[in-house]
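Read the structure below first, then the notes.
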Amino acid sequence: MPVYETAGSPPIWRRRNRNQALAHWAMWLTGTAIFVYCWMQISGATTWFFVWDAPRIAGDIWDRATPPRWEYITQLGRPIWDTLNIATLGTIIALCFAVPVAFLAARNTTPSRYIVRPIALLIIVSTRSINSLIWALLLIAIIGPGVFAGVVAIAIRSIGFCAKLLYEAIEEIDETQVEAITATGASRWQVMAYGIVPQILPAFAGIAVFRWDINIRESTVLGLVGAGGIGLQLNASLNVLAWPQVSLILLVILAAVVISEWVSAKVRGAII
Amino acid sequence: MSTSSLHTHRELDDMLGTRWRKPKLVKQTWLRWVLWIGLVTYLIAAVLTIPVDWSRVYEGLDRGWQFVLAFMTPDFVTRAADIRDGMLESIIMTIAASVVGIAISIPIGLGAARNIAPLPVYMICRGIVAVSRALQEIIVAILLVAIFGFGPLAGFLTLSFATIGFLSKLLAEDIESMDRVQAEAIRSSGASWMQWINYGVQPQVMPRLIGLSMYRLDINFRESAILGLVGAGGIGATLNTAFDRYEYDTAAAILIIIIVIVMGLEYLSGLIRARVQ
Amino acid sequence: MTHTGRSPKGPPDPSEMQNVIKMRETPMLRLEKLVKTYKTGDQALKAVDLEVPSGQVLALIGPSGAGKSTLIRCINRLVEPTSGKVWLGDTELTGLSQSALRRARRKMGMIFQEYALVERLSVMENVLSGRLGYVGFWRSFTRRYPQADVDEAFRLLDRVGLLHMADKRADELSGGQRQRVGICRALIQNPELLLVDEPTASLDPKTSRQIMRLICELCEERGLAAIINIHDVALAQRFVQRVIGLRFGAIEFDGKPDALTPDVLTTIYGEEDWEATIQKVEEDEVAAE
């Protein structure tokens, strides 16, 4: 906490000394410069004529999209069912893989710290870094479009997410409980079943429901790239500029998101 | 003493030889069965209604294997210019959107915290947060592309909008759970509202705000990779083209770059979070 | 109930103890030059030699960091000793394979400081977990234990007065109740030796005394040997037949509880006014009568 003394005036207190202040300003300056550069790039790639015209276009779209074409909902039953299945089955499959990966990745349960653990962490980071839409694109190229590709895409994307949260929960368990079970002469698997699993079960349930909620959201848009669910209808309607159908689908998606969030909040409340 | 021990022993005698089973989570037997049967029925129905063309999947295995091989020999060179431009655009969108999104999130987050904002402000800010959270990035991007035309501006606006919902909500929750005594101490010194926020609230929530901002930067980058699919700029368009042309080695190269950048960002945010705490 | 005559409250009869020691020629537990050096370089145990005859209850006292916990954990190899040997009867524990070690661990029940119950399992499951070394994985996983085990669990819970709590979850119990469940879990293993790590450290004085008394009574009923790590010198003096004083990983004192003089305590713990501690024991005795 620097205090400057100048001749003839009382000492002045400053929050930072001169070097700190300079570094601080340099940091802000660099940050601002980077931001301005980014903005210039974006602005350079933008056709500003369209942007000035945007309010009119937005109004135009709004006029076309309202009122939604309510009777179209009769055709959405199957897509909604598919969407639900993509999310649910995807989550279940992901959990089946995430559990072993998490045990291999957690410092206190991994069989080998220098070989298996890095591989498990690599699985986690690579499945997690790539969005489910990209996984869907990839899977459609491999196994063809459809609901199945959507299920697998959601499952792969969720493995890393669930395994990461789960292995953090495993690393936080109370080791003395594990020690106590080990001291009874229990085998490795029994230690797992009695010492570790009961401790992480609440976290596991919470993670499963949390991810299911996210997966409902993600599975509504997978259809945009052809991986089944209600997104297919959205894409089809957008392609023919059937705005009243688009607005109805968006309302349905919104409802699905709200309901799934409500369900997951309820279930999590019941567990904890 | 003797009567009580007699009593407990009768209880013990009754229990000896009886089977013991773990108490069930759901007490009523019928309800337990209904839940199980319901679950199994749903799963069977769900699996049966998924059309799977197994011959197509079988053919796909070969392509899948080629993709795995492509990961071993990614091709960064052939489309180097496309990849570089796309990546740069993604990064630019990410940075710009994160800065703007965070800047807007702070006032909205303050407004959405019940303990410091008046009720009308609170309702409006919570409304903004709810709308932003309910709408998916990709859907927002579609609408914004329709309105503003193709290009990174739509992507930038999408990511900024999504950042607001994410960050404001978490910031508001953090402010609501902060230590009241510290804030009251500042208020009791006669500080104005701005001074109160600056001295009483900001120091408490700043470390977490920085941590969350880094996390959001990471999410924004990952999301920016898909915005290109709907024409909102970034690497997504290049990636989509690579898949369409079955150029798995180029696609693999892009995915590897994304993974490496995400890992780098995670490492960086770990460092920064360790420093501010 | 087959209570033997001796009151657990009073100090043990020295002649009886002598008999016990003379009767057995091979000690049930023998430590030979046991050394434990942690990776950090801390030498927790420096060549400890110790023999425990069958049926003897001994207290391990010493300041924090003296290696008491390490010593206990080296016996059942929860902590792997760096060198030296541990014999349980005729079995050399150090050098056993993992599966043989598991079989040997069944003979050593362990009681922990913070109870170490699996909090989210029921009392009954916690007690039955003491039989894990005897039943196969699938049986333990589906909780289908042999009826003999279930009956024994009921008897033990009845013995410690917790039969009515059998289906409660462990985290609903009070500290003293949890420690009783911990005792049941150790005893259902049908051990020859109890390893007891600070059983009273998280309990209030009254409950501490009840728990110590219970442990010593049960050891006597079943003829078990026990090694009890304990901070509370006064409590140790009251209940055990032999006291070992540990300091910097080496044994400084080995004798009867009444041989613990202020001088001895000074060598174990360092300089302090020990008269008060010993005084307190006598006062406690008077108060307890």
How big is the Cα convex hull of the protein assembly as shown in projection, averaged over all directions, in nm²? 49.1
Fraction of accessible area attributable to carbon and sulfur, chain C (%, probe 1.4 Å): 49
Order by protection proxy (mean Cβ within 10 Å, highest first), peptides A:112-118, B:93-99: B:93-99, A:112-118
Roughly to the nearest percent, how much of the accessible area of region A:143-272 is carbon and sulfur, given a 1.4 Å probe? 70
If you roll a 1.4 Å probe over the heavy atoms of the protein chains, what accessible area per residue do you get for region C:116-190, in Å²? 34
Along the Cα→Cβ direction, 7 angstrom out, place labels at A:Arg69 and C:Thr91. What is the inter-label distance in nm? 7.7
Any idea of the total accessible area buried by the A-B contact, 1.4 Å probe, rounded to 100 Å²? 4700
Å² of accessible area per residue within chain A, as computed with a 1.4 Å probe and no ligands counted: 49
Rounded accessible area of C:Glu80 (nearest 10 Å², 1.4 Å probe): 90
Between A:Ile57 and B:Arg187, the two model label points (7 Å from Cα along the beta-carbon direction) sit apart by a distance in nm of 4.7
Looking at region C:137-178, residues buried by 20 Å² or more relative to their chain on its own, accessible surface at probe 1.4 Å, turn out to be C:Phe137, C:Arg143, C:Arg144, C:Gln147, C:Val150, C:Asp151, C:Phe154, C:Arg155, C:Asp158, C:Leu163, C:Asp167
Members of region A:192-225 that become less accessible by 30 Å² or more once partner protein chains are added (1.4 angstrom probe, chain alone as reference): A:Ala193, A:Tyr194, A:Pro198, A:Pro202, A:Arg217, A:Val221, A:Leu224
Just tell me how shielded C:186-195 is by partners: mean number of partner chain Cβ atoms within 10 Å of each residue's Cβ, no decimals. 1
Write down the accessible area per residue of chain B in Å², having rolled a 1.4 Å probe over the full set of protein chains. 53
Taking beta carbons within 10 Å but only from partner chains, what does the mean come to for residues B:21-28? 3
Give the B-C buried accessible area in Å², both sides summed, 1.4 Å probe, nearest 100. 1400
Normalised contact order of chain A, rounded percent, pairs of Cα under 8 Å and 6 or more residues apart: 22
Counting only protein heavy atoms and a 1.4 Å probe, tell me what percentage of region B:80-276's accessible area is made up of carbon and sulfur. 67
Kyte-Doolittle at least 0.0, axis length at least 15 Å by Cα - qualifying DSSP helices, chain B: B:29-48, B:54-72, B:80-111, B:119-134, B:137-148, B:152-176, B:202-227, B:248-276
With heavy atoms of protein chains only and a 1.4 Å probe, what residues of region C:114-133 have at least 50 Å² less accessible area in the full set of chains than alone? C:Val118, C:Arg120, C:Leu132
Calculate the FRET efficiency for A:Glu172 and B:Ala274 from the Cβ-Cβ distance with a Förster distance of 25 Å, rounded to the nearest 0.05. 0.90
iface A-C | buried accessible area, total | probe 1.4 Å | Å², round 100 | 2000
Value of [θ]222 nm, deg cm²/dmol, for the protein assembly as shown, DSSP H segments ≥ 4, -39500 (n - 2.57) each, nearest 500: -20500 deg cm²/dmol
Computed from every Cα-Cα pair in chain C, P(r) in 10 Å bins starting at 0 and rounded to whole percents is 6, 28, 36, 24, 7, 1
Lysine pairs in chain C with alpha-carbon atoms under 22 Å apart, 8 or more places apart or on different chains: how many are there? 20
Would you mind giving the mean number of other chain beta-carbons within 10 Å of the Cβ of each residue in B:99-110, as a whole number? 1
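The values are calculated or read from the model by the stated rules, or taken from the named source; none is laboratory data. The model shown is predicted, which means the values in this text are computed figures rather than measured ones. Because the Cβ atoms are built from the backbone with ideal geometry, glycine has one as well, and the counts that use them run over all protein chains shown. Side chains are part of the model used for accessible areas, which takes the heavy atoms of the whole protein and leaves out ligands, DNA and RNA. Shrake-Rupley method; radii C 1.70, N 1.55, O 1.52, S 1.80 Å.
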